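Working notes, beginning with the structure itself.
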Amino acid sequence: MNRVLINIKGVVQGVGFRPFVYNLAKSLNLSGIVTNTADGVAIDIEGEDITSFIDRLPKEAPPLSEINHIDVLPMPFCGHKDFEIVKSRDSGSFTLISSDVSICDDCLKEMLDKGNRRYLYPFINCINCGPRYTITNAVPYDRHNTTMSVFNMCNECESEYNNTSDRRFHAQPNACSKCGPHLELKVKSEKLKVNKAENPIKETIRLLRDGGIVAIKGLGGFHIACDAANRDAVERLRERKRKNNKPFALMAPDIETIKKYCEVSEKEQELLTSNKRPIVLLKKKTAQDNSALLSDSISPNNLYIGFMLPYTPLHYLLFYYPLTPNSELLTPNFLALVMTSGNISEEPIVVSNDEAVSKFSDMVDALLIHNRGIFMRVDDSVVKVRNTLSVMCNELNGKPSRITSHTSLFFIRRSRGYAPEPISLDDDGPEVLGCGADIKNTFTLTKGSYAIPSHHIGDMENYETVKFFEESLSNLKKVYRVNPVAVGYDLHPNYLSTKWALSQQSEAKNSSLVTHHSSLSFYGIQHHYAHIASVMAENGIKRKVIGVAFDGTGYGTDGNLWGSEFLIADIDDFKRAGHFKYIPLPGGEMAIREPWRVAVSYIRYITGDEVIDYLESIGFIEKYGSEKINAILGIIDNRDFSPLSSSAGRLFDTVSAILGICGTNTFEGEAAMALESYTIDNIEEDYPADIGLKDRIEIDFSLTLFRLIQDMAKGIGKDIVATKFHNTIVTIIAGVVQRLSTIHKLHDVVLSGGVFQNMYLLKNTIDSLKSIGMNVYINEKVPANDAGISLGQAYIVRERMKKQA
C-alpha cells in the first residue's frame with residue numbers, strides 16, 4: 001500500500017475540484033482526504049492505484065480549473081478507512097480565485113424547464129457556473145467566506161450540496177427560490193419605491209418595452225438598460241447618463257442576432273459564447289438589412305459595436321421570460337438591450353441597492369435589485385480580436401517567403417471573467433505593488449511567481465474612484481495575502497495615483513500597506529517605460545528591446561508630456577532614442593478635449609505668418625471663430641498655458657480635426673477612433689515626413705500635414721487621406737526601428753500604448769516590422785492602454801528588489 005501528500009496550486013477553488021478529486025479517488029478505491037487550503041488544494045491519499053490517480057488528475061480536471069503546480073510527497077502509510085472531503089484549512093500563503101463564470105448549459109436548461117424546481121429562478125448556479133470573485137471576501141473559498149453566508153440552504157439544496165454525485169456538490173453559491181436571493185422592483189414616483197407586483201421580471205420587461213430606462217443589478221454591479229431598438233429610449237439614456245458620444249454596449253439574446261448587425265469571425269464567436277462572456281468590439285456591417293431596428297445613437301461615428309451575450313440567469317430571463325401562459329420560450333422579448341455600466345459619469349460602478357436608489361433617481365424609471373451582496377465591484381470586460389500576418393523570411397535574401405494569418409485576443413478592458421486571473425512570471429520574487437496611472441486605472445500585486453492585475457478601477461478623477469482603488473487594494477491584499485515591500489508609481493506629479501503612493505511613503509510607518517515590514521521602498525517609473533515593461537512582463541523578457549510606446553500623454557523625465565516614444569529598454573533601465581517633434585498644447589488639458597486647438601498649433605508651426613490663411617482654407621475660421629483662433633495663437637508660445645507634447649495621440653487628433661471628422665472629444669480617444677473609421681484597405685500610399693537625427697531621432701510631420709492639406713484642397717476623399725496618414729505612421733515606425741536595430745544590433749520590438757488599440761495601425765505596423773525581420777511583441781494579457789501600466793511598474797520594481805536582495 002502507498003500513500004502520498006499532493007499539494008496543488010492554481011485555480012482550484014470554486015470550480016468543483018474537491019468533488020472531482022473525491023469521485024476520482026472513489027473510482028480507484030483509494031482512501032484519504034481532500035481539503036481547500038489557503039495555497040490551493042491538499043490531498044492526502046493512499047491505496048494501490050495512486051499512479052493512475054496522479055496521472056488522471058490533470059487530464060480530467062474540471063473545465064474551470066487551472067493547475068499551475070503539483071507537488072507529490074511520499075508519506076508513511078496511515079490506514080485511512082475511506083475518502084472524504086474535510087473542512088478547509090486556513091493556513092498557507094495564498095490560492096488563486098476563479099473569475100466569475102457565465103451560466104452553464106445545464107443550469108440554463110433547468111431554468112427553462114417547467115418541471116424543474118428552479119424553473120425561472122434568476123440565481124440558479126452549480127459548480128460549473130455562477131459568481132465567484134465578486135462574492136468572495138476571503139480564502140479558502142467556502143460559503144462562509146462569501147456573501148452567500150447569510151442564506152441558509154433549505155433541505156433540498158443542502159442535500160444537493162452534500163451529494164457527491166450531484167452537480168451542486170460543494171457549490172458554494174447554491175440556492176433556490178425557497179432559501180436563496182430574490183428580486184425586487186423599485187419604480188419611480190416621487191422617489192424610487194418598492195413595487196408590490198408579484199413578478200418583478202415581467203414588470204421590468206414591460207417597462208423596457210414601453211421605452212423605460214431600468215437600472216439592473218447584476219453580477220459585479222449595476223447596468224443601466226433600455227431597449228436598443230427604441231430610438232427615443234436610447235437618446236434619453238444618452239442625455240441622462242452620458243451627454244457625450246461614447247458608444248453603448250449591447251446585449252443580444254443569441255449569436256444569430258449579433259450577426260445581423262456585425263461581421264463575426266470564428267474567433268469572435270468563440271469569445272462571445274465563451275464562459276467569460278466579454279463585450280466584443282465587432283465591425284459594423286456596411287449594409288445592414290436591419291439597420292432601421294437599432295438606434296444610430298448606440299455607436300455614432302465608430303467602426304465598431306460592442307456586443308455581449310447574456311451571462312447570468314437574470315439576463316436570459318429578461319430576453320426569454322414567458323409573458324403569457326402560451327409564450328414560446330425561444331422567442332426573445334427584445335432584439336437587443338443597451339447594457340451600459342451602472343455609474344454616474346467618471347465614478348465607479350454602483351453595487352449596493354441603497355447607493356443605486358440615491359444615485360440613479362434622476363437617471364432611471366425603475367430599479368431591478370436583489371439581495372445577494374457584491375463584495376468585489378467588477379465591470380464588464382471589453383476585447384477585440386486582432387488579425388495579423390506571420391511573415392517567414394528567406395534566410396538567403398531576407399525577403400518574405402511565406403505568409404500565414406492568425407487571430408488573438410486584444411484587451412481594451414480586463415475585468416469580469418478575467419480578473420483576478422494571474423499572469424505567470426518566470427520565477428519567485430518579492431511582493432510589490434504597481435499603482436498604475438490615472439486614466440483606466442488598475443493596480444497590480446505580485447506574489448510568488450505571479451503578477452495579479454486588478455479588475456478595472458476607472459479614471460482617478462475624484463474621491464469616489466480613489467476610495468474604490470483603496471477598497472479594491474485592501475480586498476485583494478486580504479484575499480491573496482500580499483504584503484508589498486515596494487511600490488511603483490507614475491512620475492506625473494498631478495496624478496491622484498501618484499499622490500496616493502507618495503502619501504503612503506510619507507506616512508509609511510502608519511501605512512495600511514505595512515504589516516510585516518517596518519518600511520517600504522518607493523519607485524517612480526516613467527510612464528512609457530512602464531508600457532514597454534508590461535509587454536516584457538507578459539513574455540518574460542529582461543533583455544534589451546526596441547520599445548515603441550505611442551499614447552495620448554505621459555509625464556517625461558524632462559518635464560514635458562511624452563507620447564511617441566522610441567526607447568532602448570531592458571528590465572534595469574531605458575534610454576529615449578527618438579520621438580515626434582514637440583508641439584505646444586494650447587490650453588493644456590483643454591487641447592486634449594478640443595483637438596482643433598492642437599491642429600491650430602501644428603498649422604501655426606508649419607505655416608508661420610500664413611497661419612490664418614491656411615486655417616481659413618480648411619474651414620477653421622468659420623467653424624471655431626476668429627476670436628477663439630486668435631486667443632489660441634496668443635497663448636501658443638506661453639509654456640504656462642501651452643505645455644510641450646510629443647504625443648502620437650494628439651497628432652491623430654489633429655488630423656481628425658483638420659479633415660473635419662472630429663474637432664472635439666466628448667470622450668477619451670473619440671477623434672482618433674473616428675479617424676480610424678475612415679481607413680480603407682488596398683491603399684499603400686503615404687505622406688513624406690522628416691526623420692531628423694540630433695542627440696536622438698526626432699520626427700517632424702510638417703511636410704506630412706502640408707501635403708495632407710493639399711490633398712484636401714484637391715478634393716481627395718477623407719477615407720483616402722486618413723488611410724495615407726495611417727500608412728505614414730506605419731512607415732515612420734518601421735524606418736526608425738530599422739535604424740535603431742542597425743545601431744544597437746537589436747531585433748526584438750515591443751509595441752504598447754493606447755494608440756496601438758487602432759487595429760489598422762497595429763496590424764500594418766506588425767506586418768511591416770515582421771517583413772524587415774523583427775520579432776514583435778505586444779500586449780495580449782493586459783490592455784495596451786493605461787490599464788496595463790501597473791503590470792509594467794510592478795515588473796520593474798520586482799526585478800529591482802530582487803537585485804537589491
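The values are calculated or read from the model by the stated rules, or taken from the named source; none is laboratory data. From a predicted model like this one, the values you see are computed outputs, not experimental measurements. Note that each Cβ is placed from the backbone with ideal geometry, even for glycine, and that neighbours are counted across all protein chains shown.
Quick notes on this one:
- Selection status of I733, over 18 Å from D653 (Cα atoms) and part of a helix (DSSP H, G or I): yes
- Within region 702-738, the residues that satisfy the criterion of being under 30 Å from G619 (Cβ atoms), of a type in the set (A, V, I, L, M, F, W, C) and crowded, with 17+ Cβ neighbours inside 10 Å are L705, L708, I709, M712, V721, A722, F725, I729, V730, I732.
- Residue count, region 82-107 (criterion: of a type outside the set (F, W, Y), at pLDDT 75 or above and more than 19 Å from N128 (Cα to Cα)): 4
- Residue list for region 509-527, restricted to those being modelled with pLDDT of 55 or more and either crowded, with 17+ Cβ neighbours inside 10 Å or under 29 Å from the mean Cα position of the chain (by Cα) (or both): L520, S521, F522, Y523, G524, I525, Q526, H527
- Of the candidates S752, S741, the single residue that is surrounded by 22 or more Cβ atoms within 10 Å (Cβ to Cβ) and of a type in the set (S, T, Y) is S752.
- Test for Y141: is it part of a loop (DSSP other than H, G, I, E, B), within 18 Å of I43 (Cβ to Cβ) and out of contact with any helix residue (DSSP H, G or I) (no Cβ under 6 Å at 6 or more places or on another chain): yes
- Some residue of region 352-372 being in contact with a helix residue (DSSP H, G or I) (Cβ under 8 Å, 6 or more places away or on another chain), under 20 Å from I457 (Cβ atoms) and assigned by TED's automatic domain parsing to the domain that holds Y311: no
- Filter result for the condition that a residue is over 39 Å from the mean Cα position of the chain (by Cα) and assigned by TED's automatic domain parsing to the domain that holds G14, over L73, L64, L57: L73
- Residue within region 682-701 that is closer than 15 Å to I618 by Cβ and hydrophobic (A, V, I, L, M, F, W, C) present: no
- Some residue of region 253-260 being under 17 Å from D379 (Cα atoms) and buried (at least 16 other Cβ atoms within 10 Å of the Cβ): no
- The requirement of being closer than 23 Å to L703 by Cα, in contact with a helix residue (DSSP H, G or I) (Cβ under 9 Å, 6 or more places away or on another chain) and surrounded by fewer than 24 Cβ atoms within 10 Å (Cβ to Cβ) is satisfied by E616.
- Residue ranges of strands (runs of 3 or more DSSP E) in region 213-322 with at least 1 members closer than 20 Å to F411 by Cβ and of a type outside the set (G, A, S): 249-251, 279-283, 304-308
- Residues within region 225-266 that are farther than 19 Å from L281 by Cα and under 21 Å from the mean Cα position of the chain (by Cα), tallied: 1
- No other residue among R209, R168, R231, R238 is farther than 26 Å from T324 by Cβ and either β-branched (V, I, T) or surrounded by fewer than 18 Cβ atoms within 10 Å (Cβ to Cβ) (or both) apart from R231.
- Annotation note: of S52, S27, S88, the sole residue that is under 26 Å from I374 (Cβ atoms) and of a type in the set (S, T, Y) is S88.
- Residues of region 464-483 classified as assigned to a helix (DSSP H, G or I), in contact (Cβ under 8 Å) with a residue 40 or more places away in the chain and closer than 14 Å to I97 by Cβ, total: 6
- Cβ-Cβ contacts under 7 Å between residues 6 or more apart (or on different chains), taken from a first residue in region 404-423 that is farther than 11 Å from V782 by Cα to a second residue that is at pLDDT 90 or above and of a type in the set (D, E), are listed as S408/E780; R416/D100; R416/D379; R416/D380; G417/D100.
- Residues that are under 17 Å from G14 (Cα atoms) and among the aliphatic types (A, V, I, L, M), drawn from region 58-84: A61, L64, I67
- Any hit, region 119-138, residues being of a type in the set (A, V, I, L, M), surrounded by fewer than 23 Cβ atoms within 10 Å (Cβ to Cβ) and out of contact with any Lys or Arg (no Cβ under 7 Å at 6 or more places or on another chain): yes
- Count - residues of region 1-54 that are in a helix (DSSP H, G or I) and surrounded by fewer than 17 Cβ atoms within 10 Å (Cβ to Cβ): 6
- The set of residues in region 439-463 that are part of a loop (DSSP other than H, G, I, E, B), touching a residue at least 60 places away in the same chain (Cβ under 8 Å) and crowded, with 23+ Cβ neighbours inside 10 Å comprises T442, F443, S454, H455, H456, I457.
- Of the residues contained in region 566-589, one or more are found to be farther than 20 Å from I732 by Cα, modelled with pLDDT under 95 and out of contact with any Phe, Trp or Tyr (no Cβ under 8 Å at 6 or more places or on another chain).
- Of all residues in region 622-638 being under 39 Å from the mean Cα position of the chain (by Cα) and free of Cβ contacts under 8 Å to residues at least 24 places away in the same chain, the one that is farthest from T553 (Cα to Cα): K628
Residue by residue, here is whether (1) at pLDDT 90 or above; (2) of a type in the set (V, I, T); (3) closer than 22 Å to D100 by Cβ holds:
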{"position": "I6", "(1), (2), (3)": "yes, yes, no"}
{"position": "G10", "(1), (2), (3)": "no, no, yes"}
{"position": "G16", "(1), (2), (3)": "no, no, yes"}
{"position": "K26", "(1), (2), (3)": "yes, no, no"}
{"position": "I33", "(1), (2), (3)": "yes, yes, no"}
{"position": "G40", "(1), (2), (3)": "no, no, yes"}
{"position": "I45", "(1), (2), (3)": "yes, yes, no"}
{"position": "E48", "(1), (2), (3)": "yes, no, no"}
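- For region 332-382, filtering for residues that are of a type outside the set (D, E) and part of a helix (DSSP H, G or I) leaves 6.
- Selection of region 586-600 for residues being touching a helix residue (DSSP H, G or I) at 6+ places or on another chain (Cβ under 8 Å) and either among the basic types (K, R) or surrounded by fewer than 24 Cβ atoms within 10 Å (Cβ to Cβ) (or both) yields G587, M590, I592, R597.
- Unmet requirement for G619, which otherwise passes all of (1) out of contact with any strand residue (DSSP E or B) (no Cβ under 7 Å at 6 or more places or on another chain); (2) without any contact (Cβ under 8 Å) to a residue 24 or more places away in the chain: (2)
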